[in-house]
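Written out below as structure tokens is the structure these notes cover.
The values are calculated or read from the model by the stated rules, or taken from the named source; none is laboratory data. What you see is a predicted model; the values in this text were computed from it and never measured. For neighbour counting, all protein chains shown are included, and Cβ atoms are generated from backbone atoms with ideal geometry for every residue, glycine included. In case anyone asks, the SASA skips ligands and DNA or RNA and just uses the protein heavy atoms, side chains included. Shrake-Rupley method; radii C 1.70, N 1.55, O 1.52, S 1.80 Å.
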Amino acid sequence: MTTPTAGSLYADLSRYYDGFCAGVDYAGQADFLLRAHGCFGESGGRDYLDLGCGTGVLLAHMQQREFTVSGLDYSRDMLDAAARRCPQAELLHGDMAALDAVDRYDLISSLLYSLHYSHPLAVLSETLRRAFRALKPGGMLLFDAVDKRGLQGREVVSQGQDGDATFTYRSGWIYPEPGETMELRVAIRREQDGETTEWHDRHAMTALTFDDLRARLEACGFDPVFLERDFSTLRRWDGQSLNVLVAALKPLPAPTAA
């Protein structure tokens, strides 16, 4: 068995990433973004940015829905794949907390809990501030989030094939209470011709409550609307579930007196 060095996971496996995410309904996510944009957005345009865009699958779906698309990701290997899939997209390499744009986008998304990668809380707040500044007045940031009370015991397992190789992907959150840090643990196994290769990686992510998240959004100037994390419908959060979609709106300027 060969175990590559931690940290090489996304570079080593970027070509297999779509297989790991085969169960993700990107078309459903794009339809949800379109509905939410139509329901809440007031900026009047269709300039779109995906934070943590990965290999660009969601970008391609949003482009099909007549948005002008841009994507940001920390992994150059992921961005290379996104460029092949969506050559007309503007692709940005870097950290979410370093996003440098002003009044540029009508819609920004960060799904699959990617905003939690902004760690620690001070960095998450900076990401939110940067996103607010990057939106046009009336624009919207839409992302999913988990309350830190709902972290323990969550594991995702999926399998995929690439030729005669079988991949098994496991990921789960660990939250050693108390504090602002949760850990995403990822393990990937490739079995081919009787040989097994494993990759292991860990990522520190930000843990917080929804009350804290709301306060940080409002401190940036957002008007946040918490929704159920259900991409098949558009429903207000019931206050009970520990996973939400947040539509954070950048208000239009107040009308000036005549």
Pick from ASP212, ASP106, ASP80: which is most flexible by mean-square fluctuation in a GNM of the chain where alpha carbon atoms under 10 Å apart are linked?
ASP212
Give me log10 I(q)/I(0) at q = 0.16, 0.18, 0.25, 0.33 Å⁻¹ for the stretch 22-65, Debye formula, one equal scatterer per alpha-carbon, no solvent.
-0.43, -0.53, -0.97, -1.34
Kirkwood Rh and Cα Rg combined as Rg over Rh, evaluated for the stretch 121-258:
1.10
Under the 7 Å Cα-to-Cβ spin-label approximation, GLN161 and ARG235 lie apart by a distance in nanometres of 3.7 nm
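How much length is gained on full extension from ASP80 to THR209, taking 0.36 nm per residue of separation minus their Cα-Cα distance? Mind showing how you got there, number by number?
Working: separation 129, 0.36 × 129 = 46.44 nm, distance 3.49 nm.
Between ASP80 and THR209, full extension yields 42.9 nm more.
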Given a Förster distance of 30 Å, the FRET efficiency implied by the Cβ-Cβ spacing of GLU195 and ALA27, rounded to the nearest 0.05, works out to 0.25
Can you give the helix-only mean residue ellipticity at 222 nm for the chain, where every DSSP H stretch with n ≥ 4 adds -39500 (n - 2.57) and the sum goes over all residues, rounded to the nearest 500 deg cm²/dmol?
-7500 deg cm²/dmol
Mean-square fluctuation check for the chain, GNM, Cα pairs under 10 Å: which of PRO224, PRO137, PRO87 is largest?
PRO87
Looking only at Cα atoms, what is the convex hull volume of the stretch 28-114 per residue, in Å³?
91 Å³
Across the stretch 220-227, in residue order, what do the Karplus-derived ³J(HN,Hα) couplings come to in whole Hz, using 6.51 cos²θ - 1.76 cosθ + 1.60 with θ = phi - 60° and x for Gly and Pro?
7, x, 6, 10, x, 10, 8, 10
Most fluctuating residue given options ALA207, ALA36, ALA165, as computed from a GNM of the chain linking Cα atoms under 10 Å
ALA165
Taking the radius of gyration and the Kirkwood hydrodynamic radius from Cα positions alone, what is the Rg/Rh ratio for the stretch 177-258, to two decimal places?
1.21
Mean projected area (nm²) from the convex hull of Cα positions in the stretch 134-201 is 7.9 nm²
Carbon + sulfur, % of accessible area of the chain - ligands and nucleic acids excluded, 1.4 Å
47 percent
For the stretch 95-160, evaluate the Debye formula with one uniform point scatterer on each Cα (no solvent term) and list log10 I(q)/I(0) at q = 0.11, 0.19, 0.21 Å⁻¹, rounded to two decimals.
-0.33, -0.78, -0.88
Calculated from backbone phi, Karplus (6.51, -1.76, 1.60) coupling profile of the stretch 214-219 in Hz, x at Gly/Pro
4, 4, 5, 5, 5, 5
tail above 28 Å in the computed P(r) of the chain, as % of all Cα-Cα pairs, reads 34 percent
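With a/c under 1.5 counting as rounded, go ahead and sort the stretch 219-258 into rounded, prolate or oblate using the C-alpha gyration tensor (a ≥ b ≥ c being the square roots of the eigenvalues; past the cut-off, prolate if a/b is larger than b/c, else oblate).
prolate
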Just reorder HIS93, HIS203 by solvent-accessible area, largest first, 1.4 Å probe, all chains present.
HIS93, HIS203
